[in-house]
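Quick note: the coordinates plus some simple rules give every number you see, no bench work behind them. What you are looking at is a predicted structure, and each value in this text was computed from that prediction instead of being measured. Neighbour counts run over all protein chains shown; Cβ positions are idealised from the backbone, glycine included.
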Amino acid sequence: MHDNDTEDPPRGAPAPSARPSPKKAHRPSAWADRHPWLWRIGLGLLVLIGLVLGSIVLYRFVNPPITSVMIIEKLRGETLKQRWVPFDKISPDMRLAVIASEDGNFCQHQGVDWAAVREVIEAAKNLEPARGASTIPMQVAKNLYLWEFRSYLRKALEVPLAYAIVSIWPKERVLEVYLNIAQFGPGLFGVEAASRKYFQKPASALTQREAVLLAATLPKPKVRNPARPGRTHRVVARAVQRRLPYVAKRADCIVNR
């Protein structure tokens, strides 16, 4: 017997392979290989959506430290002025006035007032002037996450954000956040800072007339001054005041809270 001889494998047995074949590394799909930039954009959007939804849940309990609109104002060189105040320290007249001014169906809708949207569309078809259809939840979404200038893209983004906010926050919290982040003048945010600047008193002490003048400032906060209202400002304020009794009957979600 030769020392170098090796034993032959049994007849019919498969020949041993030289070495095991390595496992194929996991690779993205062929679509991802062909469109890597779309894959990255999609992944980035999913991460962004997750962060936004997470912040909405957080802001249900924690006051937002800053908003996108505040950041824009700061970049413009404005000095930011804001003082957060809890819901029960805001005058009931101010709560009603802002609903009468900005969102008469606040307690009835779930984030978007589609009846108001249809009115705006019909008015546009007839070339008639119409009030905006933005609800308070939509304005909270805009102030927190979006930008000031109007665009169809911004409106499209406001809708799902408003639905998400209302599904997670009670209406009382929605109004509390709005009144604390809404803009009342250049660099001036929140009803407490506005009340002290224009009327030298806290938001809890606002009279109905002062509340109406502040609410009428919201559509154009950089040109209207509630301490020295112009003619148009006074007309808008009177219209808001006339709506107060009607709104009070429909504001069960925030009255007597």
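Some observations on this one:
- Leading residue at positive end of dipole, the range 159-252 (Cβ point charges), from P226, P186, I165: P226
- Distance between modelled label sites at Y152 and V223, nm, 7 Å Cα→Cβ extension: 2.6
- Ranked by the mean number of other Cβ atoms within 10 Å per residue, highest first, peptides 42-49, 180-187, 90-97 order as 90-97, 180-187, 42-49.
- By average C-beta atoms within 10 angstrom, highest first, the peptides 80-87, 213-220, 55-62: 213-220, 80-87, 55-62
- Estimated inter-spin distance, I66 and S204, nm [label 7 Å along Cα→Cβ]: 3.0
- C107/I168 FRET efficiency (R0 22 Å; Cβ-Cβ; nearest 0.05): 0.80
- Listed pairs K74/K171; K155/K249; K222/K249; K155/K201; K81/K201; K89/K155 exceeding 27 Å between Cα atoms: K74/K171; K155/K249; K222/K249; K155/K201; K89/K155
- Theoretical gain in end-to-end length, A239 to R118 [0.36 nm per residue, Cα-Cα removed]: 41.4 nm
- Set of the range 44-85 residues, backbone N closer than 19 Å to the point 7 Å along the Cα-Cβ line of C253: 56-62
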